[in-house]
1. Among the residues of the range 153-170, is any of a type outside the set (Phe, Trp, Tyr), within 20 Å of ALA127 (Cβ to Cβ) and either at pLDDT 70 or above or under 19 Å from the mean Cα position of the chain (by Cα) (or both)?
2. Pick out the one residue from PHE81, PHE10, PHE110, PHE103 that is under 17 Å from GLY143 (Cβ atoms), assigned to a helix (DSSP H, G or I) and touching a Gly at 6+ places or on another chain (Cβ under 6 Å).
3. In the range 1-38, what residues are free of Cβ contacts under 8 Å to residues at least 40 places away in the same chain and of a type in the set (A, V, I, L, M, F, W, C)?
4. Checking ALA41 against (1) part of a helix (DSSP H, G or I); (2) more than 17 Å from ALA151 (Cα to Cα), which test does it fail?
5. Please verify whether the range 15-26 includes one or more residues that are among the basic types (Lys, Arg), over 15 Å from the mean Cα position of the chain (by Cα) and part of a helix (DSSP H, G or I).
Amino acid sequence: MIWETIASSFTLVAASEMGDKTQLLAFSLAGRFRRPWTVLAGILVATLANHALASSLGVWISAYVPARIMASVLAATFIGFGIWALRPDPRDACDKPARFGPFVSTVLLFFLAEMGDKTQLATVALAARFGSAVFVTVGTTLGMLAADGLAVFLGEKFAAKVRGRWLRICAAGLFFLFGLASAWSAVRG
């Protein structure tokens, strides 16, 4: 169950982060600061903080909502995220000059950009589904680092070869699969 939780969380968040505004922010910060390891460290700290809060909320919710209702809500939520994933994100990365240096700037900008983002909300839903704040946070954080590491280290080369539309379709497909699995749990209930 631990590895399923981590692998599912990793896969869903890594796929849905592709082409997301925070991935574009990672690309922008790496280009601005030209210190990829510092930017990636900032992404790690921001994501751990943000997703630990989100997964804790998900576990708390699942403790107070009956399993069948939770499975139904999760099914609708994941399917909604799938529809959301099909829409391109606006390119609204911050272009203001850095005041705090690459690490602190990355932590602050990334933490704020993740608030209310589909990957943060997916983290809440995953934690509610699996009932584990720690292992969901590990999986989603690794997923964010994998996707954003591509942006930080490969950036333009990767973006030129892979169309954003196909990435969104793959991410939506994963959300739909999770939604169907949750719907099946609700029906079996």
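The values are calculated or read from the model by the stated rules, or taken from the named source; none is laboratory data. Given the structure is predicted, the values throughout are model-derived calculations rather than measurements. Cβ placement follows ideal geometry from the backbone for every residue including glycine, while neighbour counts extend to all protein chains displayed.
1. Checked the range 153-170: no residue is of a type outside the set (Phe, Trp, Tyr), within 20 Å of ALA127 (Cβ to Cβ) and either at pLDDT 70 or above or under 19 Å from the mean Cα position of the chain (by Cα) (or both).
2. The conditions single out PHE10.
3. Correct list: TRP3, TRP37.
4. Against the list (1) part of a helix (DSSP H, G or I); (2) more than 17 Å from ALA151 (Cα to Cα), ALA41 comes up short only on (2).
5. no
Each row is one residue, and each column tells you yes or no for (1) at pLDDT 85 or above; (2) surrounded by 23 or more Cβ atoms within 10 Å (Cβ to Cβ).
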{"residue": "VAL45", "(1), (2)": "yes, no"}
{"residue": "ALA54", "(1), (2)": "yes, yes"}
{"residue": "ALA63", "(1), (2)": "yes, no"}
{"residue": "ALA67", "(1), (2)": "no, no"}
{"residue": "PHE78", "(1), (2)": "no, yes"}
{"residue": "PHE81", "(1), (2)": "no, yes"}
{"residue": "ASP89", "(1), (2)": "no, no"}
{"residue": "LEU109", "(1), (2)": "yes, yes"}
